[in-house]
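Enquirer: I'd like to ask some things about the structure below.
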Amino acid sequence: MKIGLFIPCYINAVYPEVGVASYKLLKSLGLDVDYPLDQTCCGQPMANAGFEHESAGLALRMEELFRSYDYVVGPSASCVAFVKENHPGILEKAGHVCMNSKKIYDICEFLHDIVKVKELKAEFPHKVSIHNSCHGVRELHLSSPSERNIPYFSKLRDLLSLVKGIEIFEPKRVDECCGFGGMFAIEEPEVSVCMGQDKVKDHMSTGAEYITGADSSCLMHMEGVIKRDNLPIKTIHIVEILASGL
């Protein structure tokens, strides 16, 4: 299978180490992975701000760029969810049938459900608290949502459990929003900050050294709270843990 690595624009600009770790991790598992050049934004910011029609050109661009791949894999639950859930409707209005939505996966979802990884070389001798992002939980089903009466599962925990030396925790309010929400953080900054502070405190109550998750946008929001309040905890993308030592 041929995999096209989708690196969202904000990861490319702010957290390039997450993109590098994603590529190394997939290659270390013997997968045929390629990083298409000239990638652009998937269009989520425009659509979230009420200008969905302006994201059509970007969605078409992404369709063309990843046309030849069997799978599209990216380290951002929110961007992957946007392509999967929103690109079909956006492209239908432009007279195009979306193909990426049928083959795009968050990297954790892909490793857990498609590759079915059972062993990793990674070692991370630290305490980590899992951050379950809203998009990851409720649109990509990376973990069981707390509001539904179904058996517990967590694909992130399953993957982290393959890492040597790690101690895994989850906050009391296991999938409560961190307050980022894209445009929500811009339009309602006071509420967003309060939610972020509450979420970071909940993670800290576990005794963890790091907050980890599948969404750099959530981690970025909480990192801002941590730095501003000078709190004794750090953030790290789950892919960086899974790829540690590569």
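The values are calculated or read from the model by the stated rules, or taken from the named source; none is laboratory data. Predicted model only: the values in this text are computed from it and were never measured. Using ideal geometry, Cβ is built from the backbone for each residue, glycine included, and neighbour counts are taken over all protein chains shown. Surface areas here come from the heavy atoms of the whole protein model, side chains and all, with no ligands, DNA or RNA. Shrake-Rupley method; radii C 1.70, N 1.55, O 1.52, S 1.80 Å.
Enquirer: Applying the selection to region 110-139, what residues are out of contact with any Gly (no Cβ under 8 Å at 6 or more places or on another chain), more than 20 Å from residue 243 (Cβ to Cβ) and touching a residue at least 12 places away in the same chain (Cβ under 8 Å)?
Expert: Taking region 110-139 and keeping what is out of contact with any Gly (no Cβ under 8 Å at 6 or more places or on another chain), we get 110-120, 128-129, 135, 137-139.
Next, only the ones that are more than 20 Å from residue 243 (Cβ to Cβ) stay: 135, 137-139.
Hits for region 110-139 are 135, 137, 139.
Enquirer: Let me ask another. Could you pull out the residue among 85, 54 that is at pLDDT 95 or above, of a type outside the set (Ser, Thr, Tyr) and either open to solvent by 60 Å² or more (accessible area, probe 1.4 Å) or touching a Lys or Arg at 6+ places or on another chain (Cβ under 7 Å) (or both)?
Expert: Details: 54 fails: at pLDDT 95 or above.
Criteria check complete, one pass: 85.
Enquirer: Does residue 8 satisfy the condition of being closer than 27 Å to residue 132 by Cα, buried (at least 20 other Cβ atoms within 10 Å of the Cβ) and in contact (Cβ under 8 Å) with a residue 24 or more places away in the chain? Spell out how you get there, then give the answer.
Expert: Details: closer than 27 Å to residue 132 by Cα: yes; buried (at least 20 other Cβ atoms within 10 Å of the Cβ): yes; in contact (Cβ under 8 Å) with a residue 24 or more places away in the chain: yes.
Yes; evaluated as a whole, the condition is true for this residue.
Enquirer: Under 14 Å from the mean Cα position of the chain (by Cα), farther than 19 Å from residue 64 by Cβ and in a helix (DSSP H, G or I): does that describe residue 10? Quick ask: steps written out before the conclusion?
Expert: On the way: under 14 Å from the mean Cα position of the chain (by Cα): yes; farther than 19 Å from residue 64 by Cβ: yes; in a helix (DSSP H, G or I): yes.
Answer is yes for this residue.
Enquirer: Which helices (runs of 4 or more DSSP H) sit wholly inside region 134-246 and have at least 1 residues that are over 14 Å from the mean Cα position of the chain (by Cα) and crowded, with 17+ Cβ neighbours inside 10 Å? Steps first, please.
Expert: Numbers: elements: 134-138, 155-160, 183-187, 189-204, 216-229, 238-242.
Qualifying helices (runs of 4 or more DSSP H): 155-160, 183-187, 189-204, 216-229.
Enquirer: Separate question: When the residues of region 57-82 are filtered to those that are open to solvent by less than 40 Å² (accessible area, probe 1.4 Å) and among the small types (Gly, Ala, Ser), which remaining residue is farthest from the chain's Cα centre (by Cα)?
Expert: 59
Enquirer: What tally of residues in region 23-51 results from selecting those that are at pLDDT below 95 and loosely packed, with under 15 Cβ neighbours inside 10 Å?
Expert: Within region 23-51, residues that are at pLDDT below 95 and loosely packed, with under 15 Cβ neighbours inside 10 Å number 6.
Enquirer: Is there a residue being in contact (Cβ under 8 Å) with a residue 40 or more places away in the chain and surrounded by 16 or more Cβ atoms within 10 Å (Cβ to Cβ) anywhere in region 91-99? Write out each step before concluding.
Expert: Here is the first cut: in region 91-99, the residues in contact (Cβ under 8 Å) with a residue 40 or more places away in the chain are 93.
Still in the list and also surrounded by 16 or more Cβ atoms within 10 Å (Cβ to Cβ): none.
Scanning region 91-99 turns up no residue that is in contact (Cβ under 8 Å) with a residue 40 or more places away in the chain and surrounded by 16 or more Cβ atoms within 10 Å (Cβ to Cβ).
Enquirer: Within the bounds of region 102-110, is there any residue that is at pLDDT 95 or above, open to solvent by 10 Å² or more (accessible area, probe 1.4 Å) and either among the aliphatic types (A, V, I, L, M) or under 12 Å from the mean Cα position of the chain (by Cα) (or both)?
Expert: Of the residues in region 102-110, the ones at pLDDT 95 or above are 102-110.
Checking the rest, the ones that are also open to solvent by 10 Å² or more (accessible area, probe 1.4 Å) come to 102-103, 105, 109.
Cutting the leftovers down to either among the aliphatic types (A, V, I, L, M) or under 12 Å from the mean Cα position of the chain (by Cα) (or both) gives us 105, 109.
So far as region 102-110 goes, yes, one or more of its residues are at pLDDT 95 or above, open to solvent by 10 Å² or more (accessible area, probe 1.4 Å) and either among the aliphatic types (A, V, I, L, M) or under 12 Å from the mean Cα position of the chain (by Cα) (or both).
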